[in-house]
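The structure appears right after this line, and notes come after that.
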Amino acid sequence: TLSYSIMRWHMKGYIYVYDQRSAYLKELFLENGVEIVDSIEDEADFYFVKDQKLSRKNVFSLVSLNQNYHFRHLNNMLTAIGTYLLVSQKKDTHSILILGYGDLGKQLANLLKKQYIVTICNRNYKDYDQIIQNYKHIDFVNLKGTYDLIINTIPCAVINYQNVSYQKIIDLAQTLHLKNYQSIRNVPERSFPYEAALIMYFAIQEVMNHV
């Protein structure tokens, strides 16, 4: 597991600040004795960027950090909690369809199952035996039914909502133009920017501790 500990040697880093989360990330490194350089052109031991292309060692971004299972799992946890808090504000929600049963879908379903009737929709009956122990299930190619809320966690798929009746869609993975539809991206940064920065800090520190 990752731990919050001070870097044990003098280190320089560059942090590109583009939101509250990255601003907190910069503060965390400064608090732990890391010198933060002002320019991406300056020499540093590591670089955190948004989407800049940089031909240097130890370049980090949200995209690269998401390749780390521990980071992705913790980031998904923040997304699930933030989404749960959003859903719980709507008092007339009883039935929820979750599209996708990857790590985010599993965490989200686990949070929602005690208060709502949860149906899981995924492909090819994957994890079917596990799903039906706690939830209802439909296959992705047979998407139909009536639900108060649909939550999509599938980033790369064409989803046919024509045979589904719903009050609202919350999309955590895509941006479409549909009725009663809300695309919500970057939930950790929106709802928990400091905690999101902490897990970014942990993930970068873990790599740099082994350089």
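The values are calculated or read from the model by the stated rules, or taken from the named source; none is laboratory data. Predicted, not measured: the structure shown is a model, and the values here were computed from it. Cβ: placed from backbone, ideal geometry, glycine included. Neighbour counts: every protein chain shown. SASA here: full protein model, heavy atoms, side chains in, ligands and nucleic acids out. Shrake-Rupley method; radii C 1.70, N 1.55, O 1.52, S 1.80 Å.
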Computed over the range 83-211, protein heavy atoms only, probe 1.4 angstrom, the accessible area per residue in square angstrom equals 53
Simple spin-label estimate for VAL37/ASP139, 7 Å along Cα→Cβ, in nm, reads 5.6
In the chain, whole DSSP H helices that both stretch 18 Å or further along their axis by alpha carbon positions and average at least -0.5 on the Kyte-Doolittle scale are 69-88, 193-208
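With a 1.4 Å probe and all protein chains left in place, how much of the accessible area of the chain comes from carbon and sulfur atoms, in whole percent? Kindly include the intermediate steps, with their values, before the conclusion.
Working: 5610 of 11670 Å².
Heavy-atom surface of the chain belonging to carbon and sulfur, 1.4 Å probe: 48 percent.
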Hydrodynamic radius by Kirkwood for the range 123-211, inverse mean 1/r across distinct Cα pairs, in Å, is 16.0
Label model pair VAL63, TYR16: point-to-point distance (7 angstrom along the Cα→beta-carbon line) in nm is 1.0
Kirkwood Rh for the chain from C-alpha pairs, in Å, is 18.9
Rounded to the nearest 10 Å², the 1.4 Å probe accessible area of LYS106 is 80
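Looking at the range 36-116, what % of the alpha carbon pairs are farther apart than 18 Å?
Numbers: 1822 of 3240 pairs.
For the range 36-116, the share of Cα pairs beyond 18 Å comes to 56 percent.
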With every protein chain in place, the accessible area of ASP148 for a 1.4 Å probe, in Å² rounded to the nearest 10, comes to 30
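With a 1.4 Å probe and all protein chains in place, put VAL187, VAL207 in order of accessible area, largest first. Kindly include the intermediate steps, with their values, before the conclusion.
Values: VAL187 10, VAL207 60 Å².
Highest to lowest solvent-accessible surface, that is VAL207, VAL187.
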Of the listed pairs LYS91/LYS114; LYS12/LYS50; LYS26/LYS106, those with alpha carbons more than 24 Å apart are LYS26/LYS106
Contact order relative to length for the chain, counting C-alpha pairs under 8 Å separated by 6 or more residues, stands in percent at 21
